[in-house]
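Beneath this line is the structure, given in structure tokens, with notes to follow.
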């Protein structure tokens, strides 16, 4: 069957996904229309195409152990000077994303792999373009906000044309949003009653 390049991510739903994709294209990022707007759980990874059924079974198991959670994006960040990337920040749901990506890349699973950089959930809005365009993306989306209940993730494959296409959705096993701990309690400034 040969080698294929896959990725696992949480899609940014409409209308947010299209809006951010259009903004990314507007900043001059040539990859904008080939990459659905997303939060990565598994970066581009080459696998044997024959392993896809085992990978799908693994992802179904990971999703079955998850529950829907609140996702919120707010403001911009950058990986510069390490990497020419500007992104919208994940300000709620980041801990769950970190847990999910560890489960997806589990050492005993079919897509075990090391990461080039420490995991940092984000939504890329500009990558590998001119510095002034990166600066513009950082400034113009600084006030950007979006929120939604995240109910699962998806497996994608990159075609020979460079375009990422969804192969399958994986819904979480839980049916309700978990209770959210207020940020003030997480940071220990207040005590829970």
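Only the coordinates and a few stated rules stand behind these numbers; no lab work does. Keep in mind the model is a prediction, meaning the values are calculated, not measured.
Helical content alone sets the calculated 222 nm signal of the chain at -7500 deg cm²/dmol, taking -39,500 (n - 2.57) per DSSP H segment of four or more residues and averaging over every residue. Between 47, 104, 62, the Gaussian network model of the chain with springs among Cα atoms under 10 angstrom shows the greatest mean-square fluctuation at 47. Across 45, 76, 151, mean-square fluctuation computed from a Gaussian network of the chain (C-alpha pairs under 10 Å connected) peaks at 45. Based on C-alpha pairs under 8 angstrom that are at least 6 apart in sequence, the chain has a relative contact order of 30 percent. With 0.36 nm allotted per residue and the present C-alpha distance subtracted, the residue 130-residue 163 stretch has 9.7 nm of extension available. With Cα atoms as the point set, the chain shows a radius of gyration and Dmax of 17.2, 58 Å. Among 115, 141, 73, whose mean-square fluctuation peaks in a Gaussian network model of the chain (Cα, cutoff 10 Å)? In this elastic network of the chain, the residue with the biggest mean-square fluctuation among 115, 141, 73 is 115.
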